[in-house]
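These notes concern the structure reproduced below.
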Amino acid sequence: MFAMVKNVIKNLFSRPSTRLFPYQTREFFPNVRGSIDNDPEVCIYCGACQMRCPSEAIVVNRAEKVWTINPYKCILCGVCAQICPKKSIAIHSEYVHPQSSKVKKIRQKKVVEEAQSHA
Amino acid sequence: MMGILQTAATKSPWIVHFDCGSCNGCDIEILACLTPLYDVERFGVLNVGNPKHADILVVSGTANYRNARVLRNVYDQMPWPKAVVAVGACASTGGIFRNCYNTLGGVDKVIPVDVYVPGCAAKPEAIMEGVLQAVQVLEKRKETGETYAG
Amino acid sequence: MAKKTILPFGPQHPVLPEPIQLQLVMEDEIVVEAIPAIGYVHRGLEKLTETKAIAENIFVVERICGICSFMHALCYCQGIESLMNITVPDRSRFLRVIWGELHRLHSHHLWLGLLADAFGFESLFMQCWRNREMVMDIMEMTAGSRVIISTNALGGVRRDIDSDQQKFILNSLNKLQEELDNIKRVFSDDYTVNKRLVDVAVISKEDAHELGAVGPVMRASGLSFDYRTTGYAAYNELDFEPIVEQSGDCYARMMVRLRECYQSIDIIRQAFAKLPEGPIASPVKGFPSGEIATRVEQPRGEVLYYIKANGTNHLDRLRVRTPTFANIPALLKMVKGLTLADIPIAILSIDPCISCTER
Amino acid sequence: MLDNEKIIELQDLKKETLLLKNQGYRYITMSCVDLGDSFDLIYHFDKAYEIYNMRFSVAKGTIVPSLSDVYFCAMLTENELKDLFGLEFSGLVLDCGGNLLITDEVGAAPMTKQYVVKAKESE
């Protein structure tokens, strides 16, 4: 009985153990794998990431210098960033937000745009 | 973000979770959403076992020939309006298992999907955001009186 | 003579997070036989590994199961490394032990929570999962992802744990141990918990051996078998004993896992105390050839990988025998004679991981 | 060649297994490798942390005696290999008829070399 009272008092005055998402978004730890991005100006479009991607999420068009990733195929293993010869692929800790269609992320030399291409 | 919360607060959507061939990674993150650290019950979201009670179907994993029938069954039993959230890379496109012999690809090959949550495994924050987006879809369907489409 | 009925249990059942079906042959409320119907999660992963490159396969085998993903990758890497005669640096051997034990901790907490949920103890379920989040935070901080951590690589590990992180981990583990003391009291002494677990779904020592049970199911029946004692990774330099219980019922299986939580915390502390400095990965050149059967102890028991390589970048055959697959015959035996209401507890007591079983 | 391996003949399988069982070996699993026109079957056993392997080759289409009456737990593995490789076993105590893991839509024996996985359309 006494133990319970102690528990009640402790829980009344302690902070909630819940993370109050989405009222407060928490700070992610550094080096968390959330989303993958490419710097189109640094990238040399060699296609090494496309070759090594285990789930074939990256497509590189060498002729037109377009780098495309499908975040809905990506398994966030981080191999592409590890092997990139120019280190132009970066992993951000911010996760990819849910969407109602499978939008691919396209990075193109000079023009940076989020193209809407449906599956 | 506050807009989503406003709509979410007006209704208490119940979810039913169906695992169709996922590696458990997304499943345990969905369960983690229900437990104290993330606690979706704050928005009235409750995980139920009976599809007839549920408004939102949360699916993880790739569809295969055997569970496609079960998935379709669970989906058909849910009353209209309903929404479907596909959690994880596998449920969206098939992920790394896309080219296995026993998979069909994403769950959208079997049932219509409203919200896709990327990630492998999807983070609890992303799953919660996906569920809250599905609530918006539900609200819209209720207002427009959209009828059963699939 | 009561009439026999066949009752399908699953695949979509509130107690089971994953789809498995047991066709229960019932005589009134008593189960006389159980027939498994699996295949709802089968993906065909073994075939996929034959088409992917050897290094890519690590990410494939990690996704056999999201709960013990690190151990799957560890077993695969150890197999390929011994085929190629690679010596792994000392530091990475210890790091592998640390991540492995963290996975065991989070897996056992997850299971304890699900068990509490299965016998209707909602608040205990929440308590276990709250504690588990401490381990998940450690995972996210050290490896960058919460469940599938992808830190294993051929020849070592991909990430290091620095001294700040080490302090954070040890602090968290101290807190976790305090919390564990609280839930241990409930699990071991509570009247309702004992009523639901003691003498339910008993499996004898002889049966456990003959039916090929592994892991906590085997150890709860009085057989001392823990593959970690053979000393793979850095386990040969750490001090621990396999945890064995005698009674072979659900309570014993629960106690084995609960005590293994303490053991894991202890092993992680020892590993940090002995963690040597140095590189975390050795270079890997060339491709393996030959055959090997390699084993690792997972939270659910021993896993066996049979690898056949042919000197190219693709494997000839990869065969995985996961612990739950080995425990299903024991499950079929232990549900005989139970009442229908005890079936969920009996199924959960082997800690079923269906995505492991069916791959 | 695995460590601690013994190559046996098909007709000795039951005899050898009974011998192992009497010595207190635990059945782990069996593996099957497709060699083109034949299958390599490897049985893995364990005693006191030591693995013991038994291997033999069978031509495709041969009926292999089932071990499920010696070790009941061999039943699941044999059913699995029946599904995936199209192996036939005589005397299975519980026969799922090739539908333990896969359904008929997949086609027969998907793990064999001649089975080609249908490419899914990319999105």
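Every read-out reported here was derived from the displayed coordinates using simple, explicitly stated rules and does not represent laboratory data. Just so it is clear, the model here is predicted, and its values are computed rather than measured. Virtual Cβ from ideal backbone geometry, glycine too; neighbours counted across all protein chains shown.
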Cα-based equivalent ellipsoid of the protein assembly as shown: semi-axis lengths in Å, sorted from largest, via gyration tensor:
36, 32, 28
How much of the calculated P(r) for the range C:209-359 lies past 21 Å, in percent of all Cα pairs?
55 percent
Find the Cα radius of gyration of the range C:149-197, compare it with 2.2 N^0.38 Å by division, and give the number to two decimals.
1.87
Over the range D:5-106, consider all pairs of different Cα atoms and compute the Kirkwood hydrodynamic radius from their mean reciprocal separation; express it in Å, one decimal.
14.0 Å
Plugging the Cβ-Cβ distance of C:D199 and A:H92 into 1/(1 + (r/R0)^6) at R0 = 51 Å yields, to the nearest 0.05, a FRET efficiency of 0.40
Divide, for chain C, the radius of gyration over alpha carbons by 2.2 N^0.38 Å, where N is the residue count.
1.00
Whole-Å distance, taken between Cα centres, linking the range A:78-104 and the range C:93-113
28 Å
Taking every DSSP bridge whose two residues both lie in the protein assembly as shown, the antiparallel percent to the nearest 5 is 75 percent
Hey, with R₀ at 51 Å, roughly what FRET efficiency would A:R62 and B:R69 work out to, going by the Cβ-Cβ distance, to 0.05?
0.70
The range D:1-85: GluC sites (Glu not before Pro) falling in loop per DSSP and having at most 12 other Cβ within 10 Å:
D:E9
Helix D:74-85 axis, angle to chain D major axis (alpha carbon atoms, nearest 10°)
30 degrees
Longest chain C segment clear of GluC sites (Glu not before Pro) sitting in DSSP loops (not H, G, I, E or B) with at most 11 other Cβ atoms within 10 Å runs C:30-276
Above 18 angstrom, tally the Cα pairs of the range A:40-109 and express them as a % of all pairs, no decimals.
34 percent
Hey, rough spin-label estimate for C:N236 and D:V70, points 7 angstrom out along Cα→Cβ, what's it come to in nanometres?
3.3 nm
Give me the one-decimal nm value for the distance between modelled label points at C:D190 and A:D39, 7 Å along each residue's Cα-to-Cβ direction.
5.4 nm
Separation in nanometres of the label points that stand 7 Å from Cα toward Cβ, at C:S289 and C:E206:
5.0 nm
How high is the FRET efficiency from C:N313 to A:C46, r the C-beta distance, R0 22 Å, rounded to 0.05?
0.70
Helix-only [θ] at 222 nm, chain C, -39500 (n - 2.57) per DSSP H run of 4+, per residue, nearest 500, equals -15500 deg cm²/dmol
